1. Answer yes or no as to whether Ser161 is touching a strand residue (DSSP E or B) at 6+ places or on another chain (Cβ under 8 Å), under 30 Å from Gln17 (Cβ atoms), surrounded by fewer than 22 Cβ atoms within 10 Å (Cβ to Cβ) and not acidic (Asp, Glu).
2. What about Arg214, is it at negative phi, modelled with pLDDT of 95 or more and outside any loop (DSSP other than H, G, I, E, B)?
3. Could you check, for the range 141-161, whether at least one of its residues is assigned to a strand (DSSP E or B) and among the polar types (S, T, N, Q)?
4. Given (1) modelled with pLDDT under 95; (2) closer than 26 Å to Met310 by Cα; (3) of a type in the set (Asp, Glu), where does Asp238 come up short, assuming only one miss?
5. If Lys265 passes every condition in (1) of a type outside the set (Ser, Thr, Tyr); (2) touching a residue at least 60 places away in the same chain (Cβ under 8 Å); (3) over 30 Å from Asp134 (Cα atoms); (4) out of contact with any strand residue (DSSP E or B) (no Cβ under 8 Å at 6 or more places or on another chain) but one, which one does it miss?
6. From the list Glu201, Glu175, pick out the single residue that is loosely packed, with under 15 Cβ neighbours inside 10 Å and either assigned to a helix (DSSP H, G or I) or not hydrophobic (A, V, I, L, M, F, W, C) (or both).
7. Which pairs have Cβ atoms under 8 Å, sit 6 or more apart or on different chains, and link a residue in the range 176-197 that is within 12 Å of Ala218 (Cβ to Cβ) to one that is assigned to a loop (DSSP other than H, G, I, E, B) and of a type in the set (Ser, Thr, Tyr)?
8. Could you list, in sequence order, the residues of the range 120-158 that are surrounded by 14 or more Cβ atoms within 10 Å (Cβ to Cβ), of a type in the set (Lys, Arg) and without any contact (Cβ under 8 Å) to a residue 24 or more places away in the chain?
Amino acid sequence: MSSALPLCQIAMSVLDQPGTYAWYQQLFGFLPAGGTNSFRGPIASSIQGIPKAASSCWWLVDQQSQFQIELFQFESPVVRPQAKDWRPCDIGYSMVSLWVKDFDACLTRLDRLGGKLESAVQGKSGQRRACFRDPEGVLLEIMEEDIRARSKRQRPNLSASVAVRSVTMSVEDIERSAQLMGDIFGMQELDSELIHSAEHESLWGLTGAQRLQRVFDAGDMFIEIVQYQQPLGKKLPDDYRISDQGLLNIAFGFRSWREFNRVHKRCKANGILGNSRALHLGAWSVVYVNDQQGFSFELLMVKPWYDSFMGFKAKPGWKQSDKLEPSLRL
């Protein structure tokens with residue numbers, strides 16, 4: 001059943017949407033791709049599983065096709081800041097890794113923007129890596145070497161100087177998470193050290209940490225699942241909401257309703273239930289599902305001709321005041 005179910009979206013809840021949006025463009029070369037103020041009201045609350053949901057959502061794209069970074073700024077519920085003592089071993093979506101076209105230039109821009117590395121740059125020339133946090137506290141890793149270069153999808157946005165390579169999840173039960181990725185989402189498992197090995201722990205300040213890890217093929221990217229044995233991470237708080245500051249979920253992309261429905265049915269059959277029934281709006285369909293460890297996943301079907309309305313096409317010069325597509329209203 002294994003295949004490359006493509007990762008099409010990484011979503012963040014932010015406190016400063018304009019500032020963070022500009023930061024990702026200035027530092028990495030992400031391209032603006034529009035936005036919407038339409039994710040609000042009873043239907044949005046039902047889909048996202050949070051009360052009285054009201055947010056604006058702005059999109060950024062990198063070199064890849066059918067992939068975006070989503071920046072949500074929630075008006076309701078009020079965004080709760082990330083804990084000051086948060087560590088990458090804590091349970092939740094923990095890190096995004098990116099290939100950058102010019103590693104040294106990226107570090108220079110980071111310094112100019114006031115960013116600080118978590119530790120010294122690691123690796124020999126051509127394979128260097130570094131870690132730092134974005135303005136919202138999200139942990140980012142930059143890579144000089146494109147770990148997906150040997151097997152990549154079409155990359156239509158070559159004017160962007162960045163490509164997301166992986167997202168890391170810190171989980172309590174790695175076997176259950178691996179079953180979700182492999183048996184339920186139907187993804188292919190790869191070499192567990194394809195992305196990271198023990199020496200990389202120092203990059204994000206966990207030198208000497210011990211963890212289990214599994215890696216899965218996600219199209220032109222990877223999903224890395226880790227379970228820390230030492231140090232043990234904090235669990236998600238009982239009152240956690242995906243509107244809390246930080247990485248909130250990832251989305252898998254589909255091009256046909258049939259394939260979307262097939263995976264959704266398999267989720268329901270295995271207890272990976274949605275906050276609501278799937279919403280079908282002709283050109284696109286969506287449902288947020290939740291695993292038993294508290295992780296939110298989005299299943300998103302978008303017809304190719306509708307990509308530009310859903311933030312999968314670059315829109316140079318886009319600004320907040322631009323009109324938003326009314327058909328996105330929920």
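1. Details: touching a strand residue (DSSP E or B) at 6+ places or on another chain (Cβ under 8 Å): yes; under 30 Å from Gln17 (Cβ atoms): yes; surrounded by fewer than 22 Cβ atoms within 10 Å (Cβ to Cβ): yes; not acidic (Asp, Glu): yes.
The answer is yes for Ser161.
2. Values: at negative phi: yes; modelled with pLDDT of 95 or more: yes; outside any loop (DSSP other than H, G, I, E, B): yes.
So Arg214 passes the test.
3. No - not one qualifying residue is present in the range 141-161.
4. Every listed condition holds for Asp238 apart from (2).
5. Every listed condition holds for Lys265 apart from (2).
6. Details: Glu201 fails: loosely packed, with under 15 Cβ neighbours inside 10 Å.
None of the other options fit; the residue is Glu175.
7. Listed pairs, sorted by first residue: Gly186/Ser2; Met187/Ser2; Gln188/Ser2; Glu189/Ser2.
8. Arg133
The values are calculated or read from the model by the stated rules, or taken from the named source; none is laboratory data. This is a predicted model, so every value here is computed, not measured. With ideal geometry, Cβ positions are generated from the backbone for all residues, glycine too; neighbour counts draw on all protein chains shown.
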